[in-house]
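The values are calculated or read from the model by the stated rules, or taken from the named source; none is laboratory data. On a predicted model such as this, the values are computed, not experimentally measured, just so you know. A quick note on method: Cβ atoms are made from the backbone with ideal geometry, for glycine too, and the neighbour counts reach across all protein chains shown.
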Amino acid sequence: QQQVKQSPQSLIVQKGGISIINCAYENTAFDYFPWYQQFPGKGPALLIAIRPDVSEKKEGRFTISFNKSAKQFSLHIMDSQPGDSATYFCAASNYGGATNKLIFGTGTLLAVQP
Amino acid sequence: DARVTQTPRDKVTEMGQEVTMRCQPILGHNTVFWYRQTMMQGLELLAYFRNRAPLDDSGMPKDRFSAEMPDATLATLKIQPSEPRDSAVYFCASGADLGETQYFGPGTRLLVL
């Protein structure tokens with residue numbers, strides 16, 4: 001019940017296209033859902049995050065869509081660019097719990113072709 | 001520009017040797033996390049500290065791994081004895097006590113021969 005399932009494992013998108021990565025969770029106590037972006041040789045870095053009181057959050061070309069009833073959330077990258085090529089991790093945590101431990105998905109390797 | 005720092009960045013050692021990895025969290029952060037990343041297992045949480053006290057080390061092999069925070073500016077992860085299966089990238093991350101964001105360091109790439 002602590003797992004966060006992420007798909008697809010890898011994704012190839014043409015420049016200018018839309019990249020979509022999906023995640024699902026089981027624990028209804030989760031109340032914080034961040035996405036992290038990791039470039040080769042670097043540590044993951046927070047990209048965008050959402051709380052379950054909203055269904056969508058947009059920051060530039062990046063949008064999180066959240067479906068509380070389905071226990072799913074997704075990352076959309078509009079107008080994908082070669083510079084977006086990286087590994088993306090979804091995560092979830094119970095912020096109101098005793099710890100702010102993040103449960104990470106398995107990652108999606110995105111390649112944006114020029 | 002506040003950052004988490006980790007040393008060494010790369011480490012090659014032979015099986016059976018002790019390995020010590022160090023992390024300096026962002027000043028003012030009081031939660032520290034150790035992760036291990038491999039192709040097969042992805043990001044695994046090894047241990048977690050709040051205010052220097054260990055809160056969760058359930059992800060860590062107890063017989064060979066140990067994690068400590070000697071002071072607020074230093075976290076260490078030790079492997080003794082090291083084994084080839086320990087080869088991975090080890091990340092340290094820190095966060096504010098009531099914040100959700102974890103800030104990751106650049107990682108230590110460990111190769112055990």
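Checking each residue in the range A:50-78 for being without any contact (Cβ under 8 Å) to a residue 40 or more places away in the chain and among the aromatic types (Phe, Trp, Tyr) picks out A:62, A:66.
Within the bounds of the range B:8-24, is there any residue that is crowded, with 21+ Cβ neighbours inside 10 Å, over 16 Å from residue A:104 (Cβ atoms) and of a type in the set (Ser, Thr, Tyr)? Within the range B:8-24 (the criterion being crowded, with 21+ Cβ neighbours inside 10 Å, over 16 Å from residue A:104 (Cβ atoms) and of a type in the set (Ser, Thr, Tyr)), the answer is no, since none of the residues qualifies. For the range B:10-24, filtering for residues that are over 12 Å from residue B:91 (Cβ atoms) and either within 14 Å of chain A (Cβ to nearest Cβ) or in contact with a helix residue (DSSP H, G or I) (Cβ under 8 Å, 6 or more places away or on another chain) (or both) leaves 4. Residue check: residue A:69 meets all listed conditions (1) assigned to a loop (DSSP other than H, G, I, E, B); (2) within 14 Å of chain B (Cβ to nearest Cβ) but one, namely (2). When A:98, A:49 are screened for being assigned to a strand (DSSP E or B), modelled with pLDDT under 95, within 11 Å of another protein chain (Cβ to nearest Cβ) and closer than 20 Å to residue A:2 by Cα, only A:49 passes. Residues in the range A:61-89 that are touching a Leu at 6+ places or on another chain (Cβ under 7 Å) and of a type outside the set (Gly, Ala, Ser): A:62, A:64, A:84, A:87, A:88, A:89. Only one of the listed residues (B:111, B:46, B:55, B:27) is surrounded by fewer than 17 Cβ atoms within 10 Å (Cβ to Cβ) and touching a Lys or Arg at 6+ places or on another chain (Cβ under 8 Å). That residue is B:111. Which one is nearest to the other protein chains (Cβ to nearest Cβ), of the residues in the range A:24-44 that are farther than 17 Å from residue A:58 by Cα and touching a strand residue (DSSP E or B) at 6+ places or on another chain (Cβ under 6 Å)? Out of the qualifying residues, it is A:43. Would you mind stating whether residue A:89 is of a type in the set (Phe, Trp, Tyr), in a strand (DSSP E or B) and over 22 Å from residue B:91 (Cα atoms)? So residue A:89 does not fit the description; no.
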